[in-house]
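The values are calculated or read from the model by the stated rules, or taken from the named source; none is laboratory data. As the structure is a prediction and not an experimental result, all values here were calculated from the model. Cβ sites come from the backbone with ideal geometry, for glycine too, and all protein chains shown count toward neighbours. Accessible surface areas use protein heavy atoms only, side chains included; no ligands, DNA or RNA. Shrake-Rupley method; radii C 1.70, N 1.55, O 1.52, S 1.80 Å.
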Amino acid sequence: MASEKAAPELLALQPIQCPPQSDVDNGAVQRRHAKELSYNEFYWRYMHSNWPVIITDVSNTWECRNWAQSGETDKDQDKDNRNANSPTHSHINFDYLRSRIGDLAVPVADCNATYFNSHAKLELKFHDFLERWQRSVEHGHVPEKETNSNVAKDNLYLKDWHLAALLPTYEFYQVPKYFASDWLNEQLIAEKRDDYRFVYMGPKDSWTSFHSDVFGSFSWSTNIVGHKKWLIMPPGEELKLADPLANLPFSIDEALLEQHAVRYFTINQTANEAVFVPSGWYHQVWNMTDTISVNQNWFNACNVPLVWRNLLANMQAVHREISDCQQMDNFEAHCQMMLRASFGINYLDFIELLEFIAARRLDARLAPKPDQTQTTTNNSQLLFDRYQMNAYHVQYDLECVRQLLQDMLQEPSVRQSPAQLHERCERLWQQLQSQCQAQTGV
């Protein structure tokens, strides 16, 4: 996090003058160096266009680089050896991890076991997980004739660990500027609720099954150490893999994708690289070596309309599922409860997020403009305590919320929803409409 004396970094979003050059046209997933990729270009060329990109040299100053053995996070490591751990040691600094992080309970997936189309889940103590991982690495280095071939090797993957929330004073990473416009975590962190900031730690050959990200959100994943292989495909391509009941496979490989003529991309991600995963892009990821990454899910003005459409589609699915109960008391309230259970949020959660973002942006509009000599600012107007939006960025967010509310007000399920949600949408839309007219002088 930024210190109190450090000037915030400005997120200088500019209006689109012409359609941005897009990698969609040449069908490539590019690598871009952080030093030459501006926030504005990333916003329009990749995030707004919903196209993936790999950004290099994003974690040079992160404290968690100490989680790797000295020298193992260097970008110039021998690429020929990235598909396997060293024959004499793992790249993971197990001793440092044990000394720096307490013996917390951690969520773990067993990649050798499935449970209802998912990896089986268990909970371990962090130091126990590290011990089993380190022992597994050492076991793998013993000659085969000296091992018991009947003993299955652990394939435990520590996933979705809310370490940043659990240890808020341990500033082990900084959100890269490209991903700082994050409405989801901005609200959840401010309200001290479960967020979508995660640490993943897994041995060679651990993996994540075929999926797209929660809510239809964006995600970013930065490797601290190790090599991940991704298979990733544009929205809609996953439908080619569906069975007659519309079920998607649990796991994929290149042969399956080629068999079904799926358009896909292969990404080989190494240490100090961030992969930007756009909304709705299904993917599967393998750890080709012992690997640690920092990940976040998020949405903002670029993809929040898609999140709303996904929420609406899931609400319609709930209505269909219990359509025979429409005469029951509090039917709509029951549907909202089921929606939250199945999708993760419901209409109330969504409008509360829009109210939160609108209030923050309206406050930012009224705040004094920063100048070159200013060294401090109101923390409530900073994103992740270190970034500040320029005036156009603030206004663009507000206009996105206004337009989204206008669409929501036309939706019958919003008018029928409990807790005066339609009235809350109407009030917020009127507030933003008034400020929009004042801004334009209408």
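Angle of helix 126-140 to the longest C-alpha principal axis of the chain, folded into 0 to 90 degrees and rounded to 10: 40°.
Based on Cα contacts under 8 Å between residues 6+ apart, the chain shows a relative contact order of 20 percent. Element breakdown for the chain at a 1.4 angstrom probe: carbon and sulfur atoms account for 48% of the accessible area. I'd like the distance separating the alpha-carbon centroids of segment 402-442 and segment 215-291, in whole Å. Here the answer is 37 Å between Cα centres. What you get for the chain, charging only the Cβ of Lys and Arg (+1) and of Asp and Glu (-1), is a dipole of about 520 debye around the Cα centre. About the centre of its Cα atoms, segment 105-264 shows a dipole size close to 180 debye [charges on the beta carbon of Lys, Arg (+1) and Asp, Glu (-1) only; nearest 20 debye]. With both labels modelled 7 Å from their Cα along Cα-to-Cβ, the N247 to T266 distance reads 2.9 nm.
Label-to-label distance for T114 and R415 is 4.5 nm, based on points extended 7 Å past Cα in the beta-carbon direction. Per-residue 3J(HN,Hα) values for segment 51-66, derived from phi via the Karplus relation 6.51 cos²θ - 1.76 cosθ + 1.60 with θ = phi - 60°, read 10, x, 7, 10, 10, 9, 6, 9, 10, 4, 9, 6, 4, 6, 4, 5 Hz in sequence order (x marks Gly and Pro). Grab the beta carbon distance between N330 and D205, set R0 = 41 Å, and tell me the FRET efficiency rounded to 0.05. Once rounded, the FRET efficiency stands at 0.25. Taking 0.36 nm per residue of sequence separation and removing the Cα-Cα distance, the N60/C436 pair yields an extension gain of 131.3 nm. Label positions at E191 and D349, each projected 7 Å from the Cα along the C-beta direction, are separated by 1.0 nm. Per-residue ellipticity at 222 nm from helix content only, as computed over the chain with -39500 (n - 2.57) for each DSSP H run of at least four residues, stands at -9500 deg cm²/dmol. Compared with the alpha-carbon gap, the fully stretched path from K121 to S70 is longer by 15.2 nm at 0.36 nm per residue. Sequentially through segment 228-237, phi angles give Karplus couplings (6.51, -1.76, 1.60; θ = phi - 60°) of 10, 10, 10, 10, 9, 9, x, x, x, 5 Hz, Gly and Pro residues having no value and appearing as x.
Roughly how tilted is helix 331-343, in degrees to the nearest 10 and between 0 and 90, from the longest Cα axis of the chain? For helix 331-343, the angle is close to 30 degrees.
Enter the angle in degrees (range 0 to 90, nearest 10) between the Cα long axis of helix 391-408 and the first principal axis of the Cα atoms of the chain, meaning the one along which they spread out most. Helix 391-408 sits roughly 80 degrees off the main axis of the chain. Working from Cα pairs under 8 Å separated by at least six residues, relative contact order for segment 172-320 is 41 percent. Close amide H pairs (under 5 Å, H built 1.01 Å from N) link T291 with G202, K204, residues at least 5 positions away or on another chain. Counting 0.36 nm for each residue step from L104 to E41 and taking away their Cα separation leaves a gain of 18.7 nm. Exposed loop sites were defined as chymotrypsin sites (Phe, Trp or Tyr not before Pro) in DSSP loop states (anything but H, G, I, E or B) carrying at most 16 other C-beta atoms within 10 Å; in the chain the longest segment without such a site runs 251-442.
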